1. Residue under question is A329, and the condition is that it be under 19 Å from the mean Cα position of the chain (by Cα), among the aliphatic types (A, V, I, L, M), crowded, with 20+ Cβ neighbours inside 10 Å and over 23 Å from P79 (Cα atoms); does it hold?
2. Please identify the pairs in which a residue from the range 275-299 that is outside the structural domain of Q389 (by TED's automatic domain parsing) has its Cβ atom under 9 Å from the Cβ atom of a residue that is of a type in the set (S, T, N, Q) and surrounded by fewer than 20 Cβ atoms within 10 Å (Cβ to Cβ), counting only partners at least 6 apart or on another chain.
3. Can you give me the ranges of the helices (runs of 4 or more DSSP H) entirely in the range 317-358 with at least 3 residues that are under 24 Å from A278 (Cβ atoms)?
4. Just for the range 269-311: of the residues that are part of a helix (DSSP H, G or I) and in contact with a helix residue (DSSP H, G or I) (Cβ under 9 Å, 6 or more places away or on another chain), which one is surrounded by the fewest Cβ atoms within 10 Å (Cβ to Cβ)?
5. Within the range 100-118, restricting attention to residues that are in a strand (DSSP E or B) and more than 9 Å from the chain's Cα centre (by Cα), which residue is surrounded by the most Cβ atoms within 10 Å (Cβ to Cβ)?
6. Just to be sure before I move on: is L242 surrounded by fewer than 19 Cβ atoms within 10 Å (Cβ to Cβ) and touching a Gly at 6+ places or on another chain (Cβ under 9 Å) in the structure I sent?
7. Tell me yes or no: at least one residue of the range 193-208 is outside any helix (DSSP H, G or I) and at positive phi.
8. Restricting the first residue to the range 385-398 and requiring it to be more than 15 Å from V92 (Cα to Cα), which pairs with a second residue that is not basic (K, R) and not in a helix (DSSP H, G or I) meet a Cβ separation below 6 Å and a spacing of at least six or different chains?
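The values are calculated or read from the model by the stated rules, or taken from the named source; none is laboratory data. Since the structure is predicted, the reported quantities are computational estimates derived from the model, not experimental observations. All Cβ positions, even for glycine, are placed from backbone atoms using ideal geometry, and neighbour counts span all protein chains on display.
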Amino acid sequence: MAVCGFARYCHLSCLDYDRFGLRVQSICVEQRRPALTHCKLGPMVSTLDIRTAAKYGVFGFLAIVVAGNAARADEAAAPLPSLAANTTETSVSGISSGAYMAGQFQIAHSKTVVGAAIIAGGPYGCAESAFSDMMLGPGAAFLNLSKAINGCMLNALAIWGVPDVEALAEKTRKLAASGRIDPIENLLDDRVYLFSGSNDRTVVPAIVAAAYEFYKRLGIPENQLTYVSNLPAGHAFVTADLGLACESTGNPYVVDCDYDQAGNVLKHVYGDLAPRVATPSGTFIEFDQRPFLAGKSNHGMENRGVAYIPKSCAASTTCRVHIAFHGCAQNRENTGEQFIRDSGYANWADSNAFVVLFPQAASSPVNPQGCWDWWGYTGHDYLTRDAPQIDAVYKMLEHLGQPRP
């Protein structure tokens, strides 16, 4: 065994990733064994084939060491407009890494967020190792990454009590008590939608069920929670008539299950809504994310994001805001705008006066799938209001709430 960059010996789970159609160029001494095995590491390089690790976003933490700022250096886009939006009734949603980010944003800013949708994601803080606070620099993210995959996606650590929803709820209470996230009391009137497809083998249903239990442990009444798990969807965002076959898992991670997920999310959070329009008539605006990233050297976000602005919101209507976080391999770099345009959020936004914000995490050589940070690759504060990505998106929301020029 070689020496790791921060510890003399290491152990990583070398699970059989061939189950997911992925090839492992194994460096493990014992190959394809669902157990802890010795691993050979060069400085800060894990057992997993980079392509395999990138599939799950686990090499994003190397941005701290290698890349710093992963965003592309391209020309400035248009600025995000100020629309005098009603930001006190903001909702969030996300799929996969975006589901984890949606939960993190909701809990960090529960004074502002009134509801969330966790689609193929697990409980807040799930990936954080008990020992990560003892590590400096990227070492903490390295400790978290194996737990993220095995404990918070595949449910391979259930025998060891991972995820431990009561411990996660207690940790959340402590973060609130320390002032690093908003008070827990603000969450108690939130409405939360959770979803797991029965054919999802990337984030298995048991992990989403743990997220449901986590919200209950925080004190959110069951009548404010809904958990949909009876559709044969793969690991994807679900629509009524667009995307791949329902059971599929693959680019663009949008599937047709004859189910309007965007509508069900928004109606669960906000109650009765006007029917969706057949064709959105507003504008998808590509805007410059960089003003919201000022002073952040390691943020893992793209230079450009997208916002959908209905004509009424651009004119004079005071609109609410929904923030939709894409999943791994679902940003514009990897899939174009299929999630943005085919999710159905714009159709509901037109008839119900919502601005829809689609912030973008960056693809880079060390994080080619453009995953959101749910295991700490941007630093120790990734779960709190001070997290680079959470802070940047919150600043976008604040800007939308500024008076029109």
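1. yes
2. none
3. 338-342, 345-352
4. K311
5. Result: A117.
6. Taking the combined requirement at face value, the residue satisfies it.
7. Checked against the condition, which is being outside any helix (DSSP H, G or I) and at positive phi, the range 193-208 yields no hits at all.
8. A387/D381; P388/H299; P388/T378
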